[in-house]
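Bear in mind these aren't lab numbers, they're just calculated from the coordinates by the rules spelled out. Predicted model, so just to flag it, every value in this text is computed and none were measured. Here Cβ is always computed from backbone atoms with ideal geometry, including for glycine, and neighbour counts include all displayed protein chains.
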Amino acid sequence: MIGGDGIGPEVLAEGIKVLKTVEELDGGLRFDFEHFPWGCGHYMRHGKAMDDDGMERLAKFDAIYLGAVGSPSVPDHISLWDLLLRIRKGFDQYVNLRPVKLLKGAPCPLADVKREDIDMIVVRENSEGEYAGAGDRLFRGTDREVVLQTGVFSRKGTERIIRYAFELARRERKTLSSISKGNALNYSMVFWDEVFTLVGKEYPDVETRSYLVDAAAMFFVKEPWRFEVVVTSNLFGDILTDLGAAIAGGMGLAAGANINPERRFPSMFEPIHGSAPDIAGKGIANPLAAIWSASQMLDFLGREDWGKRVLDSIESVLVEGKTLTPDLGGTARTPDVGGAVIKSLRAAGR
Ligand code: GGG
């Protein structure tokens, strides 16, 4: 576990308690946690967000549980690249799975939308694209200054994420929507659309749709029922899933899994929110996204039974509505919410 910065350690602590409860109730499952004190504090002390041998040490684990990265004391591009993106790329976690599902009891700002209308899974490309880190900054500080940020879309990288999404859609018997921007991004997204069509020929049983990202953003708000499985690029996925969080209860309920499907490396589970320095240390951060990401971890580790029970317990806490943090209109504190999920898990029994 890497608590990271700001509210990261606070919300992760509740996820750990939930996993410990699962361990106890199951009787067979066992979790051994090792804590890594990495993040911006480490960067301020040592000039790096993780130890030099950090990736080697992490490689031995089955899964990584991450809190949040970012602090006003460290430039955001350093904190992101030195920890979160380093792990995603170093462990080839090329699939980022982000559910956008309106749980019962969760608030929704949209009018005329039924709860079951918001139930999609976004498959975000997580290893290259707009976040490849390719570019340059020339003639810095002069009037000739030129800045390049290059999107990188390899055939292998594009095919594998699209194929993963098709497999998921086939398994779940859902439609698959590809979100791109082929009209303006006349190299990368034209290529993306071509690969989507090509791979799609192998999946005649999967119904597909293609959207431009601007239209997709509008439909997320106006007609979210259009989307079931969604596949998109790194940047578009990052942005659209914050929009997804906004229509499905807020950032406090948005979970993400960074997956290496071949299991050559550990996968990583995180709430998608950042470190929220404005509320860090106040004990009011919502831990439900972190707990939901623990449920994704249980799914990935082959215990979908417990993954579902943890998610059901989150939903019970929302439906009951008595133990919610301020972002959801309540007055509860972070550990109270973790405690309420545990109580619900215990009540449901083994
Ligand atoms: N929970 C991890 C975290 O702090 N994420 C903040 C963030 O900026 N993430 C960018 C991304 O998901 O690519």
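Could you tell me which residue out of Thr142, Phe236, Ala169 lies farthest along the dipole of the chain toward its positive end? Charges go on the beta carbon: Lys and Arg +1, Asp and Glu -1, centred on the Cα centre.
So the residue furthest toward the plus end is Ala169.
So, with +1 on the Cβ of K and R and -1 on the Cβ of D and E, and no other charges, what is the size of the charge dipole of segment 108-248 about its Cα centre, to the nearest 20 debye?
Roughly 220 debye, rounded to the nearest 20.
Aspartates and glutamates within cross-link reach of Lys114: Cα-Cα under 13 Å, excluding same-chain residues under 8 positions apart?
Glu223
Roughly what would the spin-label model give for Asp62 and Met44, points 7 Å off Cα along C-beta, in nm?
3.6
Which entries in Lys181/Lys201; Lys48/Lys181; Lys174/Lys222; Lys222/Lys343; Lys17/Lys104 show an alpha-carbon gap greater than 28 Å?
Lys48/Lys181; Lys222/Lys343
Only residues of segment 92-134 count here: report those whose backbone N is under 17 Å from the spot 7 Å along Cα→Cβ of His77, or say none.
129-134
Counting other C-beta atoms within 10 Å, which of Arg115, Arg333, Arg264 has the fewest, and how do the rest follow?
Least crowded to most crowded, the residues run Arg264, Arg115, Arg333.
Give the whole-number value, in cubic angstrom per residue, of the convex hull volume spanned by the C-alpha atoms of the chain.
Convex hull of Cα atoms, per residue: 151 Å³.
What residue among Tyr94, Tyr65, Tyr203 has the largest mean-square fluctuation in a Gaussian network model of the chain, using Cα springs under 10 Å?
Comparing Tyr94, Tyr65, Tyr203 in the GNM, the peak value goes to Tyr203.
How large is ³J(HN,Hα) for each residue in segment 278-292, as worked out from phi by the Karplus curve 6.51 cos²θ - 1.76 cosθ + 1.60 (θ = phi - 60°), to whole Hz, x for Gly and Pro?
Working through the residues one at a time gives 5, 10, 4, x, 8, x, 10, 5, 7, x, 5, 5, 5, 5, 4 Hz.
Pick from Gly151, Gly302, Gly321 the residue whose mean-square fluctuation is largest in a GNM of the chain, springs joining Cα atoms under 10 Å.
Checking each option, the largest mean-square fluctuation is seen for Gly302.
Once the dipole of the chain is set up with Lys and Arg at +1 and Asp and Glu at -1 on Cβ about the Cα centre, which of Tyr211, Gly3, Pro287 lies farthest towards its positive end?
Selected residue: Pro287.
Calculate the radius of gyration of the Cα atoms of segment 108-248 to one decimal place, then report Dmax, the largest Cα-Cα distance, as a whole number, both in Å.
Looking at segment 108-248, its Cα Rg and Dmax stand at 16.7, 56 Å.
Nearest 20 debye, what's the magnitude of the dipole of the chain about its Cα centre given +1 on Lys and Arg Cβ and -1 on Asp and Glu Cβ?
Value, rounded to 20: 360 debye.
What percent do you get for the relative contact order of segment 108-248 when only Cα pairs under 8 Å and 6+ apart count?
Once divided by the residue count of segment 108-248, the mean separation gives 37 percent.
Evaluate the relative contact order of segment 10-65 (contact order divided by residue number), counting alpha-carbon pairs under 8 angstrom at least 6 apart; express in whole percent.
After rounding, I find 19 percent.
Just how far, in whole angstrom, is segment 152-188 from segment 261-331 if you go by their alpha carbon centroids?
Spelled out, the Cα-based centre of one part sits 27 Å from the other.
Express the relative contact order of the chain as a whole percentage, based on alpha carbon pairs under 8 Å and six or more residues apart in sequence.
23
What does the charge count around His42 come to, taking other residues whose C-beta lies under 11 Å from its C-beta (Lys +1, Arg +1, Asp -1, Glu -1)?
-1
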